[in-house]
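Report on one structure; see the data block that follows.
No value in this document is a laboratory result; all are computed from the given coordinates. Being a predicted model, the structure only gives us computed values, none of them experimental. Here Cβ is always computed from backbone atoms with ideal geometry, including for glycine, and neighbour counts include all displayed protein chains.
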Amino acid sequence: MRIFALSDVHVDYDVNAKWITCISATDYRDDVLILAGDIAHSLRLFDWCLNTLARRFKKLLFVPGNHDLWVLHEAPEKDSLQKLEDISAIVESSGASMQPFRDLNVSIIPLLAWYDYSFGEPGEQLKSSWMDYCFCRWPDGVREKEVAAHFAAFNKQQVSATGDTVITFSHFLPRIDLMPDYIPTRFRALYPVLGTARLELQLRVLNSRIHIYGHSHMNRNVSINGVSYINNAFGYPNETRIACKRLLCIHEC
């Protein structure tokens with residue numbers, strides 16, 4: 001059994017959706033795919049992508065990204081937590097899973113998350129330009145820090161790990177030093193919305209040996225204190241220098 005990682009497929013771009021359809025329908029029947037969020041904000045495209053990939057792999061494991069929780073074309077009364085319920089129903093009906101998966105002495109644990117500004121406070125420009133602030137909608141009185149705390153509490157309730165190898169995965173970054181040093185200063189304004197330090201604490205408690213993440217669209221494979229942190233984002237069509245645009249095998253057993 002091989003375990004592959006992928007994130008940020010953004011199938012609302014036709015060229016990305018076409019790549020999904022070109023994945024072999026026979027080569028991965030004994031394998032697992034970790035899909036670390038950001039499929040599409042459209043539930044129709046989300047459903048199509050999940051079902052397409054679930055038919056190609058032995059098991060498809062998923063956590064939602066920020067784009068998946070956008071309510072851009074949803075009813076005005078629907079919030080992003082309610083949309084998460086719709087997403088969860090599609091995941092279940094497709095045969096994919098947002099639950100821990102265990103096979104052949106490997107445990108793969110999904111970790112829900114949101115950013116809580118543990119990587120820094122957002123500046124005024126970020127507040128006015130970051131699309132989540134416009135396209136996500138939360139219940140009254142709930143803001144980003146409360147969303148992050150809600151998801152972190154959910155993880156504590158469901159996670160458990162057995163097996164020789166523990167792999168965790170999230171959409172958001174668990175630590176800001178996963179961003180390379182060469183990032184220009186003007187782009188570092190995005191760091192507050194890249195993730196949460198809560199994820200790092202949780203994956204360490206689980207004794208994770210590999211952590212898959214997405215969101216930054218920067219393909220990385222970095223080892224820090226015994227954990228391999230891997231980002232294999234497909235990314236937007238024009239992101240050819242920072243995204244390899246391929247399936248990546250991250251473990252074999």
Original post:
How much mean residue ellipticity at 222 nm does the chain get from its helices, if each DSSP H run of length 4 or more adds -39500 (n - 2.57) and you divide by all residues, to the nearest 500 deg cm²/dmol?
Top reply: -8000 deg cm²/dmol
Original post:
Summing Lys, Arg as +1 and Asp, Glu as -1, what charge do residues with Cβ under 15 Å from the Cβ of I176 carry, I176 excluded?
Top reply: -1
Subject >> Nitroxide proxy distance, nm - points 7 Å out along Cα→Cβ at V222 and L201 >> reply: 2.1
Original post:
Roughly how many debye, to the nearest 20, is the charge dipole of the chain about its Cα centre, given +1 on each Lys and Arg Cβ, -1 on each Asp and Glu Cβ, and no other charges?
Top reply: 580
Subject >> Label of the coordinate-derived value, percent of Cα pairs over 32 Å apart, listed as (1) 15; (2) 37; (3) 19 >> reply: (1)
Subject >> Gain upon complete extension [D140, N51; 0.36 nm per residue less C-alpha separation] >> reply: 28.7 nm
**OP:** Mind checking which of N232, S88, A148 is farthest towards the positive end of the stretch 2-252's charge dipole, using Cβ charges of +1 (Lys, Arg) and -1 (Asp, Glu) about the Cα centre?
**Re:** N232
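May I ask for the net charge around V166, where only other residues with Cβ less than 11 Å from the Cβ of V166 are counted and Lys, Arg are +1 while Asp, Glu are -1? Could you put the intermediate results ahead of the total?
Values: positive: R102, R204, R209; negative: D164.
My count for the surroundings of V166 gives +2.
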Subject >> Cα-based reach from K156 at 25 Å (exclusive), listing lysines while leaving out same-chain residues under 8 positions away >> reply: K59, K83, K145
